[in-house]
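The values are calculated or read from the model by the stated rules, or taken from the named source; none is laboratory data. In this text the structure is predicted, and so the values were computed from the model without any measurement. All Cβ positions, even for glycine, are placed from backbone atoms using ideal geometry, and neighbour counts span all protein chains on display. Note: areas computed on protein heavy atoms with side chains; ligands, DNA, RNA excluded. Shrake-Rupley method; radii C 1.70, N 1.55, O 1.52, S 1.80 Å.
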Amino acid sequence: ALCGSGALTLATAEIDFASGIVRTFGFGGSTTMSATTGIFAQGDDSTLDVGAAALNIETPFIGDRVFPVDPGEAQTIANLSLVYTGALSMTNPVGAAAGSFDGAPGATISISGGSVDISGTTIRATAGTLDIQSDTDITVGDGAVLSTPGYLKDFGDSSDPFVVSAPGGLVHLTALDG
């Protein structure tokens, strides 16, 4: 049974997920997240769980993004899970171009729930794993980009260069009854 029939709408320039779990209760009608710049995974164990509500995501970009760390600190490997049992609609209603954001290698983006419909949005997990699982069907429509690009970064300077690289990752699409 749904926990309420209300709707939750978040509308902003960007939504950042740090470590932790966000659950929306009482919004059994729908949860809508609208971010004109993007939705970013920046934590090592981030989860959005909307339960049985429809999940509507309106953004040009979902993925990992490097953020500054203190000297001597390790970079967090981004891990974002979107969990629901209803329908997911992921669109880019204004047709904005996905920005160019530096990624961190080893990222994981997981989408799991009822049905999945993606159009116009770029989903990226740099040198990591993009895992989309649906109980019914998955539709990847016009303008959608599912990406796990390789990683290459130059550190040091011209007299002492140091290059770090990682190969492209994996994209898993699983429709259990589609």
Next on the checklist: Out of the residues in region 154-178 meeting the condition of being open to solvent by 60 Å² or more (accessible area, probe 1.4 Å) and small (G, A, S), tell me which one is nearest to T85 (Cα to Cα).
Outcome noted: G178
Checklist entry - Looking at region 60-68, is at least one residue under 23 Å from G150 (Cα atoms), in contact (Cβ under 8 Å) with a residue 24 or more places away in the chain and aliphatic (A, V, I, L, M)? => result yes
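Residue by residue, here is whether (1) over 14 Å from the mean Cα position of the chain (by Cα); (2) among the β-branched types (V, I, T); (3) within 24 Å of A18 (Cβ to Cβ) holds:
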residue	(1), (2), (3)
A78	no, no, yes
F101	no, no, yes
T108	no, yes, yes
I138	yes, yes, no
G143	yes, no, no
L173	yes, no, no
Next on the checklist: Of everything in region 1-57, what is under 16 Å from the mean Cα position of the chain (by Cα) and outside any strand (DSSP E or B)? Give them in sequence order.
Outcome noted: A18, S19, Q42, G43, D44, D45, V50
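This table checks each residue for (1) open to solvent by 30 Å² or more (accessible area, probe 1.4 Å); (2) closer than 20 Å to V94 by Cβ; (3) out of contact with any Phe, Trp or Tyr (no Cβ under 6 Å at 6 or more places or on another chain).
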| position | (1), (2), (3) |
| --- | --- |
| A11 | yes, yes, yes |
| I21 | yes, no, yes |
| T36 | yes, yes, yes |
| A53 | no, no, no |
Item to check | Odd one out for T47 among (1) open to solvent by 30 Å² or more (accessible area, probe 1.4 Å); (2) under 14 Å from I109 (Cα atoms); (3) among the hydroxyl-bearing types (S, T, Y) | outcome: (1)
Checklist entry - Picking from D44, D49, which residue would you name as being of a type in the set (D, E, K, R), more than 18 Å from G86 (Cα to Cα) and in contact with a Ser or Thr (Cβ under 9 Å, 6 or more places away or on another chain)? => result D44
